[in-house]
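The values are calculated or read from the model by the stated rules, or taken from the named source; none is laboratory data. Remember, it's a predicted structure, so these values are computed and weren't measured experimentally. So basically every Cβ, Gly included, is an ideal-geometry build from the backbone, and we count neighbours across all protein chains shown.
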There are 4 protein chains.
Amino acid sequence: MQVVITAVGPDNRGLADPIVHSVTGMDANIAEIQMYDHDRESVFSMLTRVEIDASRYQELRKEMAAISQRTKLSIRTWTPDITGRRPALAICVTYRPEPALALLRAIRDGQVKAEPRLMIGNRETCRGLAEQFEVPWFNVGDKAGNPDDERMIALCDEHEVDFVILARYMRVLPAASCWKYAGGRIINLHHGLLPSFPGMQPYHDAFSSRMLTYGATSHFIVPELDAGCQIIYQSTFMVPPGTSRDEIIRRGQQDNEPHCLVEGVRRVVDGEVQLHFNRVVARK
Amino acid sequence: MQVVITAVGPDNRGLADPIVHSVTGMDANIAEIQMYDHDRESVFSMLTRVEIDASRYQELRKEMAAISQRTKLSIRTWTPDITGRRPALAICVTYRPEPALALLRAIRDGQVKAEPRLMIGNRETCRGLAEQFEVPWFNVGDKAGNPDDERMIALCDEHEVDFVILARYMRVLPAASCWKYAGGRIINLHHGLLPSFPGMQPYHDAFSSRMLTYGATSHFIVPELDAGCQIIYQSTFMVPPGTSRDEIIRRGQQDNEPHCLVEGVRRVVDGEVQLHFNRVVARK
Amino acid sequence: MQVVITAVGPDNRGLADPIVHSVTGMDANIAEIQMYDHDRESVFSMLTRVEIDASRYQELRKEMAAISQRTKLSIRTWTPDITGRRPALAICVTYRPEPALALLRAIRDGQVKAEPRLMIGNRETCRGLAEQFEVPWFNVGDKAGNPDDERMIALCDEHEVDFVILARYMRVLPAASCWKYAGGRIINLHHGLLPSFPGMQPYHDAFSSRMLTYGATSHFIVPELDAGCQIIYQSTFMVPPGTSRDEIIRRGQQDNEPHCLVEGVRRVVDGEVQLHFNRVVARK
Amino acid sequence: MQVVITAVGPDNRGLADPIVHSVTGMDANIAEIQMYDHDRESVFSMLTRVEIDASRYQELRKEMAAISQRTKLSIRTWTPDITGRRPALAICVTYRPEPALALLRAIRDGQVKAEPRLMIGNRETCRGLAEQFEVPWFNVGDKAGNPDDERMIALCDEHEVDFVILARYMRVLPAASCWKYAGGRIINLHHGLLPSFPGMQPYHDAFSSRMLTYGATSHFIVPELDAGCQIIYQSTFMVPPGTSRDEIIRRGQQDNEPHCLVEGVRRVVDGEVQLHFNRVVARK
């Protein structure tokens, strides 16, 4: 059984040792191990993927919980080998409802075999969508839409979420959040083709280049790395010369982006793809 | 009637004056005028698009021919308002036959309403293709494939070509050639998405970025400008993670590139698009 | 004598003809001619550089004034061959006083042989600087700092300015303004190395790339072209690893940027460099 | 005492476990740990930086040697805390002698406190330089200059080299070589400003952009990461408009590049900088 362990702490000293010591003591095989630091925020993180006999998974979880309690480290233990239930999703939104709506419909219709366990917004705009599909709704934003990032992670923890889906959630996740759900658990929809159009206004940028091709990208988020290299799925559409930017954005938002997110999430929950050493690989 | 006049000479002095003087003397309206220089090759060029009464087109041609003879300028007069015949194409190739083959088939089947007046190669590889479709074949390359650029243009002049189609012709046209057929008469097939992947190995570059989207671009060539902003048509295809680079290239070359060129040429010969102040615009 | 004529109008029809006709009629030699359009703003422009006998310069100016009055074109006639006086500058500022201060001091000390004819701000911040050096001050900004672009150009016209110096003026000049003073008359100080760091936050961008080299660029502004290819002067400074971003910005703003602007303006007013077919060339 | 351990093997299974187990068993504190894979070459690598009491360093080395012998892993143990001797350099060259010559002179004159233990070339060109300074010379290239990469590393191992200096060595080190001397032991001189001009022809690229600033970069090599983010030192020079490309290259090669390498190596051997989580940081 594959298990992903993430740890986040304020220092690089004492971060790896207890976990590594415990894991090797349980006959787990370390398949991948990374330490990161985010120098500007003084936050350090470790990710390790281990192979362990499935019978010892619960013991490993307890051990990690004990280390977490003993040290001040924020530790999470998770397995991508989900059996007997559907993967649980946290669907995060801001203003645009289309991608989340398409995902909820695809789940309802059996196209995406997942469970929308909760919806998180930093604005009230999509509350009605959550109500319509009877998904618990949480607004983590203040009046200006600034999200309470720690509460967002706490909600995902409490609801035992497998994957965090950023369905046009327009705030940047802080590095600490990305690390806590590292290892291929955060899926973002970017409304442009990566890596060519990475910014906040990919439609505008591609339009300025006089491109006739527009696209969207579903990708895993990996902190500290250039966006766009962890691509799960991309979809594009072409326009004839002279098409207005507004018309292009309309077609992208209403049709292309929702499709892109749905297929991206499907690939992950169906276990077709996986994050492996910061690359997306086909899972055998 | 719209008329495009190009002039190429060794100096910027005396390049514009005689043409401009003659054109304004014939009641033509100057709609666009540009002078370029290519400092490293000491070549200067002028392009002007004028509106003139159709009845005076032949007179204008004669006048320009006379100026050309009097000065040492290389002058070409051409109108995109082609009536009573199909636009004549020069199809230029190197090794890969697929895009040219697709274009010749599309012409044969009436999908592209043009006449393949000649084929030009810098290698012998595609001679059989020309013979199969009974198009005159000219090899302008020496033993190493280095093309005789002046002969290439002379062939296009002699055959009174309207559009030069670079169907995976793998040599760079010198600036002087581009200027002689400036004004939207040279159409290139690039085997990557422009402007993101401009180089000689766009499949390799996109693959290195771990993209899942690959594409091709049909565009007008405009010397002295960044490639890719004069896009006529783009087409893309998506691959799942784990697809090998060879498989991607195979799909691109056999399927996507030929389609991209055919649709690009069709848009031009059907008069749907036009080059206007270095931009591709829909023609009303 | 070299003369630069610019014309700006709402259409490409009728823009070139009268000027070209008049100029060729006066035995002027057209050395360069360009037409531009700015499709999103429906503004067309023409630039021509002509050689004419100095004795006919005033006649040419009158002729152009007459055309301007007859048509609705905004026409400007200017010669870079300034004799018997010092080039007149409009120094434009927003918040940062250092570059303008350095330029005013260099003029006072005879290092830059120019006359600071007026200062233009879109904020009040640098008024004191203008008063200190007894240069007429004009604030063209509203309460939010939004500049009245037409008034800015009108002020330059009234004061018969030769060169417009953007000394950390933080607003984008609209295309129409750039064209009215086209031909190498607008000099901008960019606080990053061009073309590598073109945006609004070049210090931040270079810092994110973990560079140890920071720089500034003096360049001519040419509308419709990528910024940074018309470089007059660049200066750089190096920092050791671990230097804070604030410290880097402080050194850049207080020392490197002022020096870069002064040397850039000096090269232009001393006639060492010139804009020629959108390139900066050494003037013989 | 800080110790860097690198391990390279053909698989990610069994790579981390024995080393991690042994290190934690010796009361070493893991300060940094990374695993990399190079999917196209099926090569996996691990880097760990540990803190251990200096008295146990030799024991740790023996333990690692034992693991290396028992498994098939290629393991190296090294400490940057060099005392009682000067850091030993392997100076690697191809054609251009200037940077190596400048480095050898700086060592001779006491400016760089290091020992040039051997010189390695893939061409014979710089043999005379090695003889002049009485440094052992090894040519690892075949007749076409293709280097024997394994022999290059073996030579560095045998000569107990601390740092590998790529002084305009023009071949790409394979990932396996980079990993074997990972942790800030390979210093490269790039003849352009990173990250803006990364390719094989940075002078040409910057010249094409019409820059007036040219530079060179000394940086640590980190496999799998974008070049240029591990910058130790950069130096630049400015040229006036109109300077020929050949003149620029001449100034860069004869003056700027040698200076850049010497100062880069000095910073490393003086312990002023260090690679820490893939970033260059000032060492306290």
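Based on this model, can you work out whether C:THR71 counts as touching a Leu at 6+ places or on another chain (Cβ under 9 Å) and β-branched (Val, Ile, Thr)?
yes
Of everything in the range A:24-59 that's in contact (Cβ under 8 Å) with a residue 12 or more places away in the chain and over 22 Å from D:THR48 (Cβ atoms), which residue is nearest to the other protein chains (Cβ to nearest Cβ)?
Per the criteria, the residue is A:GLU41.
Looking for something in a strand (DSSP E or B), more than 15 Å from the chain's Cα centre (by Cα) and within 14 Å of another protein chain (Cβ to nearest Cβ) - is there at least one such residue anywhere in the range D:137-146?
no
Looking at (1) among the aliphatic types (A, V, I, L, M); (2) assigned to a loop (DSSP other than H, G, I, E, B); (3) in contact with a Phe, Trp or Tyr (Cβ under 6 Å, 6 or more places away or on another chain), find the lone condition where B:LEU89 falls short.
Failing condition for B:LEU89: (2).
What do you reckon, is B:ARG267 in a helix (DSSP H, G or I), surrounded by fewer than 19 Cβ atoms within 10 Å (Cβ to Cβ), in contact with a strand residue (DSSP E or B) (Cβ under 7 Å, 6 or more places away or on another chain) and not small (Gly, Ala, Ser)?
Against the criterion (in a helix (DSSP H, G or I), surrounded by fewer than 19 Cβ atoms within 10 Å (Cβ to Cβ), in contact with a strand residue (DSSP E or B) (Cβ under 7 Å, 6 or more places away or on another chain) and not small (Gly, Ala, Ser)), B:ARG267 does not qualify.
For the range A:32-88, give me each residue that is under 21 Å from the mean Cα position of the chain (by Cα) and aliphatic (A, V, I, L, M).
Hits for the range A:32-88 are A:ILE33, A:MET35, A:VAL43, A:MET46, A:LEU47, A:VAL50, A:ILE75, A:ILE82, A:ALA88.
Has the range B:85-94 got any residue that is more than 18 Å from B:ASP157 (Cβ to Cβ), within 12 Å of chain C (Cβ to nearest Cβ) and surrounded by 21 or more Cβ atoms within 10 Å (Cβ to Cβ)?
no
Can you tell which of D:SER45, D:SER55 is touching an Asp or Glu at 6+ places or on another chain (Cβ under 8 Å) and either more than 25 Å from D:ASP270 (Cα to Cα) or among the hydroxyl-bearing types (Ser, Thr, Tyr) (or both)?
The conditions single out D:SER45.
State which residue pairs qualify: first residue more than 10 Å from chain A (Cβ to nearest Cβ) and inside the range D:7-23, second residue basic (Lys, Arg) and in a strand (DSSP E or B) in any location, beta carbons under 9 Å apart, and separation of 6 or more residues or different chains.
If the second residue must be basic (Lys, Arg) and in a strand (DSSP E or B), the pairs left are D:ALA7/D:ARG76; D:VAL8/D:ARG76.
With touching a residue at least 60 places away in the same chain (Cβ under 8 Å) and touching a strand residue (DSSP E or B) at 6+ places or on another chain (Cβ under 9 Å) as the only criterion, which of C:LEU166, C:LEU129 stands out?
Exactly one of C:LEU166, C:LEU129 is touching a residue at least 60 places away in the same chain (Cβ under 8 Å) and touching a strand residue (DSSP E or B) at 6+ places or on another chain (Cβ under 9 Å), namely C:LEU166.
Suppose the filter is surrounded by 22 or more Cβ atoms within 10 Å (Cβ to Cβ), modelled with pLDDT of 95 or more and of a type in the set (Lys, Arg); does A:ARG168 pass it?
The answer is yes for A:ARG168.
Out of all the residues in the range D:69-122, which are of a type in the set (Val, Ile, Thr), modelled with pLDDT of 95 or more and in contact with a helix residue (DSSP H, G or I) (Cβ under 7 Å, 6 or more places away or on another chain)?
D:ILE75, D:THR77, D:THR79, D:ILE91, D:VAL93, D:VAL112, D:ILE120 - these are the residues of the range D:69-122 that are of a type in the set (Val, Ile, Thr), modelled with pLDDT of 95 or more and in contact with a helix residue (DSSP H, G or I) (Cβ under 7 Å, 6 or more places away or on another chain).
Scanning the range C:132-161 for residues that are in contact (Cβ under 8 Å) with a residue 40 or more places away in the chain, touching a Lys or Arg at 6+ places or on another chain (Cβ under 7 Å) and within 19 Å of C:ALA88 (Cα to Cα), which turns out surrounded by the most Cβ atoms within 10 Å (Cβ to Cβ)?
Within the range C:132-161, the match that is surrounded by the most Cβ atoms within 10 Å (Cβ to Cβ) is C:VAL161.
For the range D:186-216: of the residues being surrounded by fewer than 21 Cβ atoms within 10 Å (Cβ to Cβ) and among the hydrophobic types (A, V, I, L, M, F, W, C), which is nearest to C:PHE197 (Cα to Cα)?
D:PHE207
Filter the range A:217-264 down to the residues that are touching a His at 6+ places or on another chain (Cβ under 7 Å) and buried (at least 22 other Cβ atoms within 10 Å of the Cβ) and list them by number.
A:THR217, A:HIS219, A:GLN230, A:ILE231, A:ILE232, A:SER235, A:GLY252, A:GLU257
Return only the number of the condition from (1) of a type outside the set (Asp, Glu); (2) in a loop (DSSP other than H, G, I, E, B); (3) touching a residue at least 60 places away in the same chain (Cβ under 8 Å) that C:VAL262 does not satisfy.
(2)
So which residues in the range C:251-284 are touching a Pro at 6+ places or on another chain (Cβ under 7 Å) and within 19 Å of C:MET238 (Cα to Cα)?
Once the filter is applied, which keeps residues that are touching a Pro at 6+ places or on another chain (Cβ under 7 Å) and within 19 Å of C:MET238 (Cα to Cα), the range C:251-284 yields C:GLU257, C:PRO258, C:LEU261.
Could you say whether any residue in the range A:69-83 is more than 24 Å from A:GLU150 (Cβ to Cβ), within 14 Å of chain D (Cβ to nearest Cβ) and among the hydroxyl-bearing types (Ser, Thr, Tyr)?
So far as the range A:69-83 goes, no, none of its residues is more than 24 Å from A:GLU150 (Cβ to Cβ), within 14 Å of chain D (Cβ to nearest Cβ) and among the hydroxyl-bearing types (Ser, Thr, Tyr).
Filter the range B:66-84 down to the residues that are exposed (fewer than 13 other Cβ atoms within 10 Å of the Cβ) and farther than 19 Å from B:ILE186 by Cα and list them by number.
Those that are exposed (fewer than 13 other Cβ atoms within 10 Å of the Cβ) and farther than 19 Å from B:ILE186 by Cα: B:GLN69, B:ARG70, B:LYS72, B:THR83, B:GLY84.
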